[in-house]
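The values are calculated or read from the model by the stated rules, or taken from the named source; none is laboratory data. Treat the numbers as computed from the prediction; the structure is a model and nothing was measured. Using ideal geometry, Cβ is built from the backbone for each residue, glycine included, and neighbour counts are taken over all protein chains shown.
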Amino acid sequence: MKYIEVVADSGSSNTVRAIAEKAKAEDFRLGVVGDDGLQQMRMLVSADKLQWVLDALQNILGAQPLARIMVLAVETSLPRLEEEKLKQKNAATASREALYDGVAKNGQLDRNYLVLVLLSTIVAAIGLIENNIAVVIGAMVIAPLLGPNLALSLGTALGDIPLVRRAAVTLLSGIFLAVSLSVLLGLFWGSELTSPELLSRTDAGWDSIALALASGAAAALSLSTGLSSVLVGVMVAVALLPPAATLGLMLGHGNIELAIGAGLVLAVNIVCVNLASKIVFIAKGINPRTWLEKEKAKRAMLFYVLGWIVTLAVLMLAIYARRTLNS
C-alpha cells in the first residue's frame, strides 16, 4: 500500500476525490484549507494502482505551480484485507517516478562516482594480480559502473534524452578512468600477469553472453519491482570493473592478445546488460506519461534495441573468429 499526499488548490478536491474513488482507494481524507487556498488531501491506494493515480493527478494539477504530490511508504495497514494479502503474493511494480529518482542518482558523474571507480579499480586490480577471489568480489560489490548502464537503459525507455546523455558520459568516463589507471599499474608491475583470476577475464565465450543477459534482466527486474537487495548478487554476477581492470593491465604489460580478450568480455557485459534491462523495462510497461513523450520513446527504443542487437552480433562474430583462430 502507498499513501499519496496531495497539496493543491481546494477547488481540485472533488476531482482528486473522484480519482481516489476510481482507484478504489482504501481511505481518502481532506485537510483544512490554508490561508493560501491550498488544501491537503490524502489517499491510501494499492501499489498496483499507484502509477495510474500519479499520472491522473499530474494531468489535472499540472497547471497549478504550487501543487505538490508526495508518495509515502506504508509499512502495514490494519486490519489487513484479504485482497491486500493476495496482492502481496505478486511482485509490486515501482512507480515510474520512484524508479527514475533512484536510477538517475546512480548515473550521475560526480566526485563520489569517480572516487568509487578509482578505489574499486585498485581493489580489483590487486585482487586479480594476486589471484585473491575475496578481494575481487569486494571490488564487484562496489560496482559503480552498473548504475550508468541502468540509467542509460531507463533513459531510452522514457525517451529522456538528457538522462541518456548523462548516463553515457558517466559510463564512458568511468571506463576510461578504470582502464587508464589499470594501464599505469600494468606498466609498473614487474612480475608476469598469469594468475587464473586475471586470465579468466580474457576469455569471452557464449557463457559470458548468457550470464550477462540474465544478470542485466535481473538488475532491471529488481529495480522495477522494488527488490533492490537483489542488486548485490547482480553486481557480483555481471561485474564490469574486473574485465576493465584486466584490459588496462594487459595493455600496460604489452600483452595485446589478452587485452583484446578482456575488451571483448567488457563489451559483451555492457551490451548485454543494456539490452536485457531494456527488454525488462518494456515488459514491465515502464514508459513515459504523455502521448508525445511515448512517441519519442518508441523511436529512441527502436534505435537503441537495434543498435545493441547489431553490436552483440558483431561481438559474437568476433568471439567466434577469435576462438577459431586460437583452436
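Being farther than 23 Å from residue 101 by Cβ, modelled with pLDDT of 85 or more and buried (at least 24 other Cβ atoms within 10 Å of the Cβ) is a description that does not apply to residue 167. Reported count of residues in segment 1-54, each being acidic (Asp, Glu) and touching a Phe, Trp or Tyr at 6+ places or on another chain (Cβ under 8 Å), is 1. Out of 159, 147, one residue alone is closer than 19 Å to residue 286 by Cα and part of a loop (DSSP other than H, G, I, E, B). It is 159. Scanning segment 38-63 for residues that are at pLDDT 90 or above and more than 31 Å from the chain's Cα centre (by Cα) returns 38, 39, 40, 41. Whether a residue is under 29 Å from residue 286 (Cα atoms), among the hydroxyl-bearing types (Ser, Thr, Tyr) and either touching a residue at least 60 places away in the same chain (Cβ under 8 Å) or assigned by TED's automatic domain parsing to the domain that holds residue 298 (or both) was assessed, and residue 120 does not pass this test.
Quick one: would you say residue 166 is in the same structural domain as residue 270 (by TED's automatic domain parsing), more than 15 Å from the chain's Cα centre (by Cα) and of a type in the set (Lys, Arg)? Criteria not met by residue 166. Can you find a residue in segment 184-193 that is touching a Ser or Thr at 6+ places or on another chain (Cβ under 6 Å), assigned to a helix (DSSP H, G or I), not polar (S, T, N, Q) and not assigned by TED's automatic domain parsing to the domain that holds residue 55? Checked against the condition, which is being touching a Ser or Thr at 6+ places or on another chain (Cβ under 6 Å), assigned to a helix (DSSP H, G or I), not polar (S, T, N, Q) and not assigned by TED's automatic domain parsing to the domain that holds residue 55, segment 184-193 yields no hits at all. Can you go through 195, 200, 180 and tell me which one is without any contact (Cβ under 8 Å) to a residue 40 or more places away in the chain and within 19 Å of residue 128 (Cβ to Cβ)? Being without any contact (Cβ under 8 Å) to a residue 40 or more places away in the chain and within 19 Å of residue 128 (Cβ to Cβ) holds for just one of 195, 200, 180, which is 200. For the criterion of being modelled with pLDDT of 90 or more, farther than 21 Å from residue 221 by Cα and crowded, with 19+ Cβ neighbours inside 10 Å, residue 70 fails.
Looking across segment 280-327, the residues that are of a type in the set (S, T, N, Q) and modelled with pLDDT under 90 come down to 287, 290, 324, 326, 327. Cβ-Cβ contacts under 8 Å between residues 6 or more apart (or on different chains), taken from a first residue in segment 261-279 that is under 13 Å from residue 214 (Cβ atoms) to a second residue that is assigned to a helix (DSSP H, G or I) and of a type in the set (Phe, Trp, Tyr), are listed as 275/308.
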